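**Q** First, the structure itself, so that you have it in front of you.
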Amino acid sequence: MLRKGITESFGATVCALNTTHLTDGVISRSKRMILDTLGVGLLGTRTAVFSKALEYSQCFKSEEKSRVWGTSDVTLPPHYAAFVNGIAVHSMDFDDTWHPATHPSGAVLPALLALVEALPTQTSGLDLLLAFNIGIEVQGRLMRFSKEAYNIPERFHPPSVVGVMGSAAASAKLLGLSAAQCSHALAIAASSAGAPLANTATQTKPFHIGNAARRGLEAAKLAQMGLEGNPAILDLDCGFGVYYKDYSPSAMVGNDTKGFKWILEDQDVAIKRIPAHLGMHWVADAALAARAKLESGVRNFDLSSIRRVTLRVPPSKYIDCPFPATEHQARHSFQFNACSALLDNKVSVASFSTAQMNRPALKQLLSKLKVETPEGNEPSFDKMYCEVAIETNEGKSYTARCDTFYGHWRKPLSQDDLVEKFKANASTVLCSEGVEGVIDVVRNIEKARESSSLSYCLRMTGSQHEHQMLIRGIL
């Protein structure tokens, strides 16, 4: 299909938007996303997959250096810092999810924070917010080019496709590229897009986010150096259209940004309460509610009295894993998360440890579970539901249904609960001063003259004296 001007409009819009376009609502929502992303990223720096990525990345050196989150003295070339920090964000599948389905923040924030440290001039907090939101906006626009994108994915992992484009757009903005250069950055990034869904539920899945952050940053830097791509990359079915069967792109506003409206203004993100695929939140909440009914319906509560557990969920092969053998499979298993909730009355970070996964009681409960996919239960994060039905040996039944879990964009986490999640995650790595420092910087980021203060707080893992020196910029 012949289309004209779509890629050009994206480049022009990215170039033309400025901090006056940021609304109070978008600033508020994006600050929540940033805080949550930093928290899950810090927690992720203690995972095996992060350690492997860091060991590999330390083989590379450059004069430009950016910090690795949660370390006091480890630096990498900026694109590799973006890479490993992006992997950390998604290493436990604990990062935010948007609609249409993608993880928007993990590909953008690590690239920007790595770039901020490498720039010759200081970047204000407001400029960081602008670049971040441009990276989110580009992803949202691209996802809306396809009806297929609104459902739980079937062929590729969306952050690997739209995330790299968001990283490129955000990085291009922070680098101050021209409209033409912004378009070329998107074109260059498109040649690094894509990752098969078969690698979800494996250690490779977090690399989808890390690669998106890294490759997007590289695309913007290459465009700055004069490298060019196809200036109609978004216009063509053989361009970005290769990822969607029903590709139907539309232009952004271009140079005339009067009346511009952010997608984030109307479509909030989901912020997870458990480190697992978003679909697991429905099944966990339904299982907890069914367990509560069982507890109140019997005199002596005993899970061994359960004869059968039935899950009624939307059809999706890659999150239907009856007997997960690894933590990554468990994070993508309706069955595992339902049984963990029934057994422990919660699902937490610890639920995915080897010891917890290998419990005989959990395996016994898994053997009693069956999955049904009722007609009309759509595989969409905006429309799906989950029902958990428990049948006892005495012939009694207890059923609960979750249509919207707490943390979904229709039922967002309170600010207090969001901060508590951040504290629980960040405190595994940072000292209390570092935890509170990140919270304070993010809370007031739009007022900060230098956004690099965030990087200092992310290093606060040592002694109190060292922290004071870091804050003063001595180290």
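**Q** Please name which of 426, 287, 53 has its Cα lying farthest along the dipole of the chain towards the positive end, using unit charges on Cβ (Lys, Arg +1; Asp, Glu -1) and the Cα centre as origin.
**A** 287
**Q** Please list, or write none, the lysines whose alpha carbon is within less than 27 Å of the alpha carbon of residue 221, excluding same-chain residues fewer than 8 places away.
**A** Result set, ordered by chain and number: 4, 31, 52, 61, 65, 173, 205.
**Q** Just to confirm the filter: which trypsin sites (Lys or Arg not before Pro) across segment 296-360 are DSSP coil and have at most 11 other Cβ within 10 angstrom of their Cβ? Each step should come with its number before you reach the end.
**A** Working: sites: 299, 307, 308, 312, 317, 331, 346; in loops: 299, 331, 346.
When the trypsin sites (Lys or Arg not before Pro) of segment 296-360 are filtered for loop state and at most 11 Cβ neighbours within 10 Å, 299 remain.
**Q** Carbon-plus-sulfur fraction of the accessible area of segment 317-389, 1.4 Å probe, in percent?
**A** Numbers: 1620 of 3260 Å².
C and S fraction of accessible area: 50 percent.
**Q** Moving on. What is the distance in Å between the Cα centroid of segment 320-377 and that of segment 103-160?
**A** For segment 320-377 versus segment 103-160, the Cα centre distance is 31 Å.
**Q** Once Lys and Arg get +1 and Asp and Glu get -1 on their Cβ, which of 249, 278, 219 lies farthest toward the positive end of the dipole of segment 190-279?
**A** 278
**Q** What dipole magnitude, in Debye to the nearest 20, does segment 127-213 give about its Cα centre under +1 on Lys/Arg Cβ and -1 on Asp/Glu Cβ? Don't jump to the answer; show the numbers that get you there.
**A** On the way: 6 positive and 4 negative charges, 23 e Å.
Computed charge dipole of segment 127-213: roughly 120 debye.
**Q** Moving on to the next point. Which value in deg cm²/dmol, rounded to the nearest 500, describes the helix-derived mean residue ellipticity at 222 nm for the chain, given -39,500 (n - 2.57) per DSSP H run of n ≥ 4 and division by the residue count?
**A** -14000 deg cm²/dmol
**Q** Another question about this same structure. Taking only protein heavy atoms and a 1.4 Å probe, what accessible area per residue, in Å², does the chain have with all protein chains in place?
**A** 39
**Q** Between [x] 94, 70, 18; [y] 38, 27, 19; [z] 38, 26, 23, which entry matches semi-axes √(5λ) of the Cα gyration tensor in Å as derived from the coordinates of this structure?
**A** Entry [y].
The values are calculated or read from the model by the stated rules, or taken from the named source; none is laboratory data. Just so we're clear, the structure is a prediction, and the values are computed from it rather than from any experiment. For neighbour counting, all protein chains shown are included, and Cβ atoms are generated from backbone atoms with ideal geometry for every residue, glycine included. To get the accessible areas, we keep the full protein, side chains included, count just its heavy atoms, and leave off ligands, DNA and RNA. Shrake-Rupley method; radii C 1.70, N 1.55, O 1.52, S 1.80 Å.
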